[in-house]
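Chemist: Okay, here's the structure, questions in a sec.
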Amino acid sequence: MKRRAFLKSGLAGSAAFAMSGLTLFSPRGARAAVNRVDLVAEGVTRNLVDGNSLFTWQYRDTGGSGPGALASGLVVREGDSVDVTLTNHLDRPVNFAIPGVMAATPAVSPGASRTYSFTAPPAGSYFYTDDVNGEIGRAMGLAGPLVVMPADGSSRLYAGGPTFDRQYTLVLSEMDDRLNAAVQNGGGYDMAAYEPNYYFVNGLSYPETKADGDTLVAMSLGEDVAIRFINAGCISHPQHFHGYHVRVVSRNRVVETAVIDKDTTQVERGMCTDVILPVTQPGAYPLHTHYVPGVTANGVYVYPYGGALIVMSAS
Ligand SMILES: [Cu+2]
């Protein structure tokens, strides 16, 4: 059975690391002394929902992949040792950094490799990215989710936090095709001119999102579903729910002190917002950014193709 096939269910309790769409790089059911991951930073041309194509950057996990169209994604347990070896196939130095955990790490020159070792931080949602190219790395797509589960193996967003029955990780990002073209030609970009025209969840745009098992949120009535929003882009991505209210559990691992039911929650750039969604009714409902251009593709509205909109389905 291919490893990806394990990951689609997202049901808690079926296996310690079972979750939607995220790469498991340690053997299932057994904890490796050291989790070893090999990432390649590379340029790829991506086909977009409107028929255009875009030169992007990615971290590709040579042993697996991330949710949706993302080429990498890490799931570990709190306290695990992790060795990430990054090989750089890009035209400029990059690094591997985890905002809030490790910043300004040594860069890897083009053609070279370097190993980054760290101990998995407290349970919660994180992402890794490049921080030696200003915002260019994130704007080009150089990011992946890092999910840290509690050391006791429980299905909780943080140690002692609320439990969940199922979890999804949704990485939010956007791109400005002029920046991609400039970088493809070896240049940089003035981020003051950044005006994205493509929007993604797990590297996909609607309607691709509803055809992807990691990115279509499939739920059952009565469940508490955890959703980890990880904003790896350069603008805010406010998330609006139809059909349900959610409870924001934490923002960047800081636990909310006053928890109220919300139908919209802001996810600032660089922010990881974890929510619990009680599935109170069956049906299919959209979950989308409340930033209106975010549900377009190159200025065209969501029908027949669009941006950062996904479908939540409950039965
Ligand atoms: Cu709406």
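The values are calculated or read from the model by the stated rules, or taken from the named source; none is laboratory data. This one's a predicted model, so the numbers in the text were calculated from it and none came from an experiment. For neighbour counting, all protein chains shown are included, and Cβ atoms are generated from backbone atoms with ideal geometry for every residue, glycine included.
Chemist: Filter segment 287-304 down to residues that are within 12 Å of the ligand (Cβ to nearest atom) and under 13 Å from PRO207 (Cβ atoms) and give me whichever is modelled with the highest pLDDT.
Modeler: Top of the filtered list is HIS288.
Chemist: Could you please find all residues in segment 138-163 being surrounded by 24 or more Cβ atoms within 10 Å (Cβ to Cβ) and either on the phi > 0 side of the Ramachandran plot or outside any strand (DSSP E or B) (or both)?
Modeler: Scanning segment 138-163 gives ARG138, ALA139, MET140, GLY141, LEU142, LEU157.
Chemist: How about segment 205-228: which of its residues are among the hydroxyl-bearing types (Ser, Thr, Tyr) and either farther than 15 Å from TYR168 by Cβ or surrounded by fewer than 18 Cβ atoms within 10 Å (Cβ to Cβ) (or both)?
Modeler: SER205, TYR206, SER220
Chemist: Here is a further query. At pLDDT 95 or above, within 20 Å of PRO286 (Cβ to Cβ) and within 16 Å of the ligand (Cβ to nearest atom) - does that describe any residue in segment 246-255?
Modeler: Yes.
Chemist: Right, something else. Are any of the residues in segment 68-78 in contact with a strand residue (DSSP E or B) (Cβ under 7 Å, 6 or more places away or on another chain), over 30 Å from TYR206 (Cα atoms) and buried (at least 17 other Cβ atoms within 10 Å of the Cβ)?
Modeler: Yes; the residues of segment 68-78 include at least one that is in contact with a strand residue (DSSP E or B) (Cβ under 7 Å, 6 or more places away or on another chain), over 30 Å from TYR206 (Cα atoms) and buried (at least 17 other Cβ atoms within 10 Å of the Cβ).
Chemist: I'm trying to understand the selection: among the residues of segment 46-98, which are of a type in the set (S, T, N, Q) and within 17 Å of the chain's Cα centre (by Cα)?
Modeler: Correct list: THR56, GLN58, SER65, SER72.
Chemist: I've got another one for you. Could you check, for segment 122-134, whether at least one of its residues is touching a Pro at 6+ places or on another chain (Cβ under 8 Å), of a type in the set (Gly, Ala, Ser), in contact (Cβ under 8 Å) with a residue 40 or more places away in the chain and not in a strand (DSSP E or B)?
Modeler: Yes: segment 122-134 contains one or more residues that are touching a Pro at 6+ places or on another chain (Cβ under 8 Å), of a type in the set (Gly, Ala, Ser), in contact (Cβ under 8 Å) with a residue 40 or more places away in the chain and not in a strand (DSSP E or B).
Chemist: May I ask you to list the residues in segment 89-137 that are surrounded by fewer than 16 Cβ atoms within 10 Å (Cβ to Cβ) and under 21 Å from TYR189 (Cα atoms)?
Modeler: Once the filter is applied, which keeps residues that are surrounded by fewer than 16 Cβ atoms within 10 Å (Cβ to Cβ) and under 21 Å from TYR189 (Cα atoms), segment 89-137 yields HIS89, ASP91, ALA104, SER109, PRO110, GLY134.
Chemist: Answer yes or no as to whether GLY307 is assigned to a loop (DSSP other than H, G, I, E, B), closer than 20 Å to LEU204 by Cβ and either more than 14 Å from the ligand (Cβ to nearest atom) or outside the structural domain of TYR128 (by TED's automatic domain parsing) (or both).
Modeler: Details: assigned to a loop (DSSP other than H, G, I, E, B): yes; closer than 20 Å to LEU204 by Cβ: yes; either more than 14 Å from the ligand (Cβ to nearest atom) or outside the structural domain of TYR128 (by TED's automatic domain parsing) (or both): yes.
So GLY307 fits the description; yes.
Chemist: Within segment 261-271, is even one residue farther than 27 Å from TYR198 by Cα and in contact (Cβ under 8 Å) with a residue 12 or more places away in the chain?
Modeler: Quick first cut of segment 261-271, residues farther than 27 Å from TYR198 by Cα only: 261.
Filter again for in contact (Cβ under 8 Å) with a residue 12 or more places away in the chain, leaving 261.
There is at least one residue in segment 261-271 that is farther than 27 Å from TYR198 by Cα and in contact (Cβ under 8 Å) with a residue 12 or more places away in the chain.
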